Amino acid sequence: MTKERFGSLFLLLVGAYALIYSVRLPLGNWNQPGPGVFPLILSLLLSAIGVALLVSSREGKKFNWKDSLARQKNTWAILGLTVGFILGFDRLGFGLTSGLYLFLLFFWICRFRPGIAAGLAAGIAAAGWYLFVRILNLQLPPGLWRL
């Protein structure tokens, strides 16, 4: 199976799955559309794109799973860091979790020097905290240090 065929089948299956669940939502009427209109339109478009790509795809070079996964090391690292961020958010709090997440992204993925990565992470985490807590007045989990 080629990349194009795999991608088009994936789009078609995701579109069909979304279509099945979007028709269960109320559609409303023309003057007041319900919550199901937007997901229905998107799922139809996604399915149509999947079908169009499937029809237009040609047989060609075979898709090699091992090479594809090996080339996406950074993608898997970012995904793992993001899962860690989500799992640690309530326990460690916004400040510590976002600072650590950003530091690891800058240091490990972007290859910044440790001092620059730490400075950027601390600055962005502090700016995010100021935006969410002071300006938008949101309650974020305080975490270990009650920040």
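When segment 9-29 is filtered for residues that are touching a residue at least 12 places away in the same chain (Cβ under 8 Å), in a helix (DSSP H, G or I), within 14 Å of residue 44 (Cα to Cα) and not aromatic (Phe, Trp, Tyr), the ones remaining, listed by number, are 11, 12, 13, 14, 15, 16, 18, 19, 22.
For segment 124-146, the set of residues classified as among the small types (Gly, Ala, Ser) and touching a helix residue (DSSP H, G or I) at 6+ places or on another chain (Cβ under 9 Å) consists of 125, 126, 128, 143, listed by residue number.
The rows are residues; the columns are (1) out of contact with any Leu (no Cβ under 7 Å at 6 or more places or on another chain); (2) surrounded by 14 or more Cβ atoms within 10 Å (Cβ to Cβ); (3) of a type outside the set (Ser, Thr, Tyr); (4) on the phi > 0 side of the Ramachandran plot.
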position	(1), (2), (3), (4)
3	yes, yes, yes, no
15	no, yes, yes, no
21	yes, no, no, no
25	yes, yes, yes, no
30	yes, no, yes, no
34	no, no, yes, no
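One residue alone among 100, 105, 96 is in a helix (DSSP H, G or I), under 16 Å from residue 85 (Cβ atoms), in contact with a helix residue (DSSP H, G or I) (Cβ under 7 Å, 6 or more places away or on another chain) and without any contact (Cβ under 8 Å) to a residue 60 or more places away in the chain, and that residue is 105.
In segment 50-70, the condition of being of a type in the set (Val, Ile, Thr), modelled with pLDDT under 95 and part of a helix (DSSP H, G or I) is met by at least one residue.
The values are calculated or read from the model by the stated rules, or taken from the named source; none is laboratory data. Please read all numbers here as calculations on a predicted model, not as lab measurements. Methodologically, a virtual Cβ is constructed for each residue, glycine included, from the backbone with ideal geometry; neighbour enumeration extends over all protein chains shown.
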